[in-house]
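**Student:** Have a look at the structure that comes next, please.
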Amino acid sequence: MSDLNQDEKFNLITRNLQEFLGADKIREVLAKRDLKVYWGTAPTGKPHIGYFVPMTKLADFLKAGCHVTVLFADLHAYLDNQKAPWDLLKLRTKYYEAAIKAMLTSIGVPIDRLKFVVGTSYQLSREYTLDMYRLLAMTTEHSAKKAGAEVVKQVESPLLSGLVYPLLQALDEEYLDVDAQFGGVDQRKIFVYAEKFLPQIGYTKRAHLMNVMVGGLSGSKMSSSDPDSKLDLLEEADSVVAKLKKAFCEEGNVDDNPILSFIKIVIFPANSLTKPDYKFVVTRPEKFGGNVSFSNAEELEEAFRTKKLHPGDLKAAAATAINALLEPIRQAFRADPALLQLAAEAYPAPKPKVTAEVSRLDIRVGKVLEVEQHPERDNLYVEKIDLGEPTGPRTIVSGLAKYISKEDFTGRLVLVVANMKPAKFAGVMSAGMLLAASNADKSEVELLEPNEDSEVGEHVIFEGFASTPDESLNPKQKVFEKCAVDFRTTEECVAVYKDTPFQTSQGNVTVKSLKLATIG
């Protein structure tokens, strides 16, 4: 129980937030009892230093007497484009818990007052599932896409998992029995969705608390899935220095400066928890003004704005401060072999890519712009196919006239082997080869189909295999023919090379219906 009065608790709960919704709701609860709040995180990529922003806010909540729940949203992580299989998600959930506890301990937050919950411990229950269906029954595709617009990748034809994601996050508020949900400002549209739809299924409208988002080192959002934008919690000290040296930090620019922003919303608040009189120290030679310290972010920004502080000196001081913040976490993991083993298993090093014949193929996504009958052969088409090249669409001849109409062919996305040596087919030069699947007697043929949201010109990849395509394949080496021996479709109609799927950025390449068919 906190000794603060109601107003002091409210001010502590809402300080340093970018925005909050439901102030009246918070005050109403505080007039009766302490607030119950939850913060959730999906265990996908490795936690990075940006997580110190919510951690310092959790400290405020605890100081204000709040009952705080930390949710490890493993089901949400799975729905997020299936970035990891279940067995890996279990390990990552354990890693997240260990890392977050180490972070909180390092900044003096008492973790014994926190409640840690794993999403699937209740999200697979009959009651939760029925409530999810109730929300599905009243949520339009538009509302679901709008709610997840800042969190879930937006594409023209989204996966259902991405549409369900915001609904589950709203429902978590009821099943975690909280008064408020806390998250980044990028969650705002999900919060607004929750405020609108939870009352429609008979549940209380909650308050919502939003912290500022941490910019990445390059100026974009700091992301667990982008290694160049972030610093991991276990990042070695020399790596921190190296990444800070390369970070964007324009002299005199205080409006778009990820380093200044991070110092303001992480370094000062995190250190002030254990050191009320904390000063940010910049060490520099006397000839450049000597050492200087700053009591708050505003003083630091003014010195940088007026160019009294050089970007190089700011970067060096930031690296020192960040390493001081991370060192207790690194030490906690170094002292426990089980934690190091957990980190290695949760985020295994990528397997080295294999170079094979398929590595030499340049297979790309193309869009069919025009289809004409070959002037001399009834079984041939002459197509104009856009591969996203500055030279314009390519002319490609294919033997598909017996299998697909011009109308069905025109406008669709296809796969093209783009580095075949140009060759004439009945007098027409063809600059590539379309890929299609066929049954044993060639009586049925179907084009390979990339997801409709794939980008024109993007390269098809085979996970685990390097991509080092020849500029132009030598016909005498029969590279394509050797690869085609191992091309086929699966029982699920997925195109594969030696059991490895053909993939674009939008997922597996498929055919309409041909199973266990050859590809050529």
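**Student:** Just to be sure I understand, how many residues within region 424-450 are open to solvent by 30 Å² or more (accessible area, probe 1.4 Å) and under 17 Å from G507 (Cβ atoms)?
**Tutor:** 1
**Student:** Right, something else. Just to be sure before I move on: is D453 open to solvent by less than 50 Å² (accessible area, probe 1.4 Å), within 18 Å of I385 (Cα to Cα) and at pLDDT below 95 in the structure I sent?
**Tutor:** Taking the combined requirement at face value, the residue satisfies it.
**Student:** Scan region 104-119 and give yes if some residue there is open to solvent by less than 60 Å² (accessible area, probe 1.4 Å), closer than 28 Å to L17 by Cα and charged (D, E, K, R), otherwise no.
**Tutor:** no
**Student:** For region 495-518, give me each residue that is in a loop (DSSP other than H, G, I, E, B), in contact with a Ser or Thr (Cβ under 6 Å, 6 or more places away or on another chain) and among the aliphatic types (A, V, I, L, M).
**Tutor:** V511, L514, A517
**Student:** Collect the residues in region 253-277 that are touching a Phe, Trp or Tyr at 6+ places or on another chain (Cβ under 7 Å) and part of a loop (DSSP other than H, G, I, E, B), keeping them in residue-number order.
**Tutor:** Within region 253-277, just V254 meets the criteria.
**Student:** Does K32 fit the bill of being farther than 28 Å from I263 by Cα, open to solvent by 10 Å² or more (accessible area, probe 1.4 Å) and either assigned to a loop (DSSP other than H, G, I, E, B) or of a type outside the set (V, I, T) (or both)? Give the derivation first.
**Tutor:** Numbers: farther than 28 Å from I263 by Cα: yes; open to solvent by 10 Å² or more (accessible area, probe 1.4 Å): yes; either assigned to a loop (DSSP other than H, G, I, E, B) or of a type outside the set (V, I, T) (or both): yes.
Yes, satisfied.
Results for (1) farther than 21 Å from E446 by Cβ; (2) in contact with a strand residue (DSSP E or B) (Cβ under 6 Å, 6 or more places away or on another chain); (3) open to solvent by less than 40 Å² (accessible area, probe 1.4 Å), shown as yes or no for each residue.
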{"residue": "T355", "(1), (2), (3)": "yes, no, no"}
{"residue": "S359", "(1), (2), (3)": "yes, yes, yes"}
{"residue": "N379", "(1), (2), (3)": "no, no, no"}
{"residue": "D408", "(1), (2), (3)": "no, no, no"}
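**Student:** Pick out the one residue from A343, A319 that is in contact with a Lys or Arg (Cβ under 9 Å, 6 or more places away or on another chain), closer than 30 Å to T93 by Cβ and either open to solvent by less than 30 Å² (accessible area, probe 1.4 Å) or in a helix (DSSP H, G or I) (or both).
**Tutor:** A343
**Student:** If P311 passes every condition in (1) touching an Asp or Glu at 6+ places or on another chain (Cβ under 7 Å); (2) over 23 Å from V292 (Cα atoms) but one, which one does it miss?
**Tutor:** (2)
**Student:** Checking F502 against (1) modelled with pLDDT of 95 or more; (2) touching a Lys or Arg at 6+ places or on another chain (Cβ under 6 Å), which test does it fail?
**Tutor:** For F502, the failing item is (2).
**Student:** Something else: Out of the residues in region 1-29 meeting the condition of being aliphatic (A, V, I, L, M) and part of a loop (DSSP other than H, G, I, E, B), tell me which one is modelled with the lowest pLDDT.
**Tutor:** M1
**Student:** Please tell me if I404 is among the β-branched types (V, I, T), farther than 26 Å from L473 by Cα and either in contact (Cβ under 8 Å) with a residue 24 or more places away in the chain or open to solvent by 20 Å² or more (accessible area, probe 1.4 Å) (or both). Break it down into steps so the answer makes sense when it comes.
**Tutor:** On the way: among the β-branched types (V, I, T): yes; farther than 26 Å from L473 by Cα: yes; either in contact (Cβ under 8 Å) with a residue 24 or more places away in the chain or open to solvent by 20 Å² or more (accessible area, probe 1.4 Å) (or both): yes.
Considered against the rule, which asks whether it is among the β-branched types (V, I, T), farther than 26 Å from L473 by Cα and either in contact (Cβ under 8 Å) with a residue 24 or more places away in the chain or open to solvent by 20 Å² or more (accessible area, probe 1.4 Å) (or both), I404 comes out as yes.
**Student:** Under 8 Å between Cβ atoms, which residue pairs at least 6 apart in sequence (or on different chains) link something in region 289-314 that is free of Cβ contacts under 8 Å to residues at least 12 places away in the same chain and open to solvent by 40 Å² or more (accessible area, probe 1.4 Å) with a partner that is of a type in the set (A, V, I, L, M, F, W, C) and part of a loop (DSSP other than H, G, I, E, B)?
**Tutor:** none
**Student:** Being in contact with a strand residue (DSSP E or B) (Cβ under 6 Å, 6 or more places away or on another chain) and of a type in the set (A, V, I, L, M) is the filter here; which residues of region 18-34 pass it?
**Tutor:** Of everything in region 18-34, those that are in contact with a strand residue (DSSP E or B) (Cβ under 6 Å, 6 or more places away or on another chain) and of a type in the set (A, V, I, L, M) turn out to be L21, I26.
**Student:** From the list F462, F502, F480, which residue is surrounded by 13 or more Cβ atoms within 10 Å (Cβ to Cβ), under 23 Å from F409 (Cα atoms) and either of a type in the set (A, V, I, L, M, F, W, C) or within 23 Å of the chain's Cα centre (by Cα) (or both)?
**Tutor:** So the residue among F462, F502, F480 that is surrounded by 13 or more Cβ atoms within 10 Å (Cβ to Cβ), under 23 Å from F409 (Cα atoms) and either of a type in the set (A, V, I, L, M, F, W, C) or within 23 Å of the chain's Cα centre (by Cα) (or both) is F502.
**Student:** Which of the residues belonging to region 177-195 are open to solvent by 30 Å² or more (accessible area, probe 1.4 Å), closer than 18 Å to G119 by Cβ and of a type outside the set (D, E, K, R)?
**Tutor:** As a first pass, look at region 177-195 and keep what is open to solvent by 30 Å² or more (accessible area, probe 1.4 Å): 177, 185, 187-189, 192, 195.
Remaining after also requiring closer than 18 Å to G119 by Cβ: 177, 187.
Across region 177-195, the qualifying residue is only Q187.
**Student:** Continuing with the same structure: Which condition number does A98 fail, the rest of (1) closer than 27 Å to K196 by Cβ; (2) in contact with a Leu (Cβ under 6 Å, 6 or more places away or on another chain); (3) in a helix (DSSP H, G or I); (4) open to solvent by 20 Å² or more (accessible area, probe 1.4 Å) being met?
**Tutor:** Here A98 meets the rest and fails (1).
**Student:** Moving to a separate point now. Take E383 and tell me if it is modelled with pLDDT of 95 or more and either open to solvent by less than 20 Å² (accessible area, probe 1.4 Å) or touching a Ser or Thr at 6+ places or on another chain (Cβ under 8 Å) (or both).
**Tutor:** Yes: the conditions hold for E383.
The values are calculated or read from the model by the stated rules, or taken from the named source; none is laboratory data. These numbers were taken from a predicted model, which means no experiment stands behind them. So basically every Cβ, Gly included, is an ideal-geometry build from the backbone, and we count neighbours across all protein chains shown. Keep in mind that these areas ignore ligands, DNA and RNA; they rest on the heavy atoms of the full protein, side chains included. Shrake-Rupley method; radii C 1.70, N 1.55, O 1.52, S 1.80 Å.
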